[in-house]
Amino acid sequence: MTIMLITELENDDKSFALHLYKNYYGLVRKTVYNITHDMGILEDLINDTFIKLIEKISLIRTLERCKTTAYIIYTSRSVAINYIKRRDIQNKYICYGEDTDLAEIISENGINIENRIIRQEEIGELVSAILRLPERQKDLLFFKYMLEMDDDNIARIFGIATNSVRQYLTRARRNAKNIMERGINKNAK
């Protein structure tokens, strides 16, 4: 699908889009998979990401290499997160018939469903807290923990000393923790 769309572009755009696809396919794949953990939908989401990127090709041409990479990561992440949100909304409205064995649903892979729900709520609170962080702190956490980048690469992207990366990450984690604690305290009242 993506290759068909690329072939319909003009020559300059076509070669640039092929360059993006060839050089960033692996990064898009890793980003999408790290968020969805779903091999069944992975190729569709990769195609969706590249379609969005092709729509913004004139903007992407103007970006420096590291900003292009960041833009592609953000687009990949957005596509994957939007997929998860849609999937979760659909799953929320699934009804179980009379022939459904609830015993199988309650214990999935030996994991107690209550613990699973609690863990999902905690992850949801963490994601919500991270989304409320300043953009720079969100980026730091994303690069470090989602993309598993080392401190040298992060320092290069942000234009800071490698020794400072850990301090910035500590502040970002502390701010996320404070946001989560404020949310818990509000709910307790």
Tell me, which residue of the stretch 134-185 that is in contact (Cβ under 8 Å) with a residue 12 or more places away in the chain and among the polar types (S, T, N, Q) is nearest to Lys67 (Cα to Cα)?
Gln137
Tell me the helices (runs of 4 or more DSSP H) entirely within the stretch 1-118 that contain at least 2 residues that are at pLDDT 70 or above.
11-36, 39-55, 57-61, 65-92
Looking at (1) of a type in the set (S, T, N, Q); (2) within 12 Å of the chain's Cα centre (by Cα); (3) surrounded by 13 or more Cβ atoms within 10 Å (Cβ to Cβ), which one does Asn47 not meet, given that it meets all the others?
(2)
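The values are calculated or read from the model by the stated rules, or taken from the named source; none is laboratory data. Predicted model, so just to flag it, every value in this text is computed and none were measured. As a convention, Cβ positions derive from the backbone with ideal geometry for all residues, glycine included, and neighbour counts pool all protein chains shown.
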